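FYI, it's all coordinate maths here, none of it is from the lab. The structure presented is a predicted model; accordingly, all values stated were derived computationally and were not measured. Cβ: placed from backbone, ideal geometry, glycine included. Neighbour counts: every protein chain shown.
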């Protein structure tokens, strides 16, 4: 076996050893059983608003994984060079081994372990489940800016023709301002522009914050929406100037694949930064540095789709509704890949991968 393969397998086994995989599988099986039991019990009490058992377990298992997998990957990547400095590298690779190969093989082992754990979680979530139709996130469309929507002034919007997908639904998020009680009834209608009567309609009682959705009418052409309030004195607000489009999906189990992709992307990007910092700092300081850098976008108010992990929390909420998230954006994948390559190149150029340690 070559030295690069030995480094890769060593990093893989340390980050996801066979014993650890067995423990993870047992914990996930127990968590899935518990969450499904809780969802079934809730369905017996309040059937109208109870989550589906499969969706509740899916959201809970992936949330649990996100809370532990990313910090674990960061600490593992940051500890790599403390072992190298202790002389471990001398036993695994020859003196003439290229630095890029040393860093690349080790980081690839970390990334492979992350993918392995994510696939194990996906298997634990979806094993034994039948295929069930669902709705998949198809992105958003822009809406005209508006203020408060009242019973006397309905809100209307014209969606472009390319926003219409056969059999799709359009969803608006609403915030209740005032009403006759803790909720008010809203009516969302849709029709093809210039086609006369409203062909699709949905009614819903909106509380403090809720969503209402309506099926898009069949045919071609622009779609006209109308949001009306039944109570004349009620007021609601659209907090965002976008509407979400949902397209039919053949299998709700696709949510686990989308969540696995989001989580792997975030873990790989965070591990790349920890891998680089660990080459020059102690593991504890390097891990804390990753956490500090993670908070920088929030402090600066940056929330771009290009950030790895940007859509993780939204994807978890989507899975909790028994729907399929869109998955990570291409720009986020590019940023994670660039971070990994830059980390490997910087480590190879620095003194951390040099020899000899003792």
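Things to note:
- Among [x] 67, 28, 15; [y] 48, 22, 18; [z] 37, 24, 20, the entry that matches semi-axes √(5λ) of the Cα gyration tensor in Å as calculated here: [y]
- Were the residues from residue 148 through residue 30 laid out at 0.36 nm apart, the gain over their Cα-Cα distance would be 37.8 nm.
- Highest to lowest packing among 315-321, 21-27, scored as the average C-beta count within 10 Å: 315-321, 21-27
- Normalised contact order of segment 134-249, rounded percent, pairs of Cα under 8 Å and 6 or more residues apart: 46
- Projected label points at residue 342 and residue 302, each 7 Å from Cα along the beta carbon direction, are separated by 0.9 nanometres.
- Subtracting the Cα-Cα distance of residue 203 and residue 68 from 0.36 nm times their residue separation leaves 44.5 nm of extension gain.
- Residue of 112, 269, 288 that the Gaussian network model of the chain assigns the largest fluctuation, springs spanning Cα pairs under 10 Å: 288
- Protection proxy ranking, peptides 119-129, 244-254, 146-156, average beta carbon neighbours within 10 Å, highest first: 244-254, 119-129, 146-156
- For the chain, averaging the sequence separation of C-alpha pairs within contact (under 8 Å, six or more residues apart) and dividing by the residue count gives a relative contact order of 24 percent.
- Euclidean distance of C-alpha centroids, segment 53-72 and segment 286-320, integer Å: 16
- Multiplying the residue separation of residue 282 and residue 317 by 0.36 nm and removing their Cα-Cα distance gives an extension gain of 9.0 nm.
- Peptides 301-309, 277-285, 184-192, 103-111 ranked from most to least packed give 103-111, 184-192, 277-285, 301-309, packing being the mean of other C-beta atoms within 10 angstrom over each peptide's residues.
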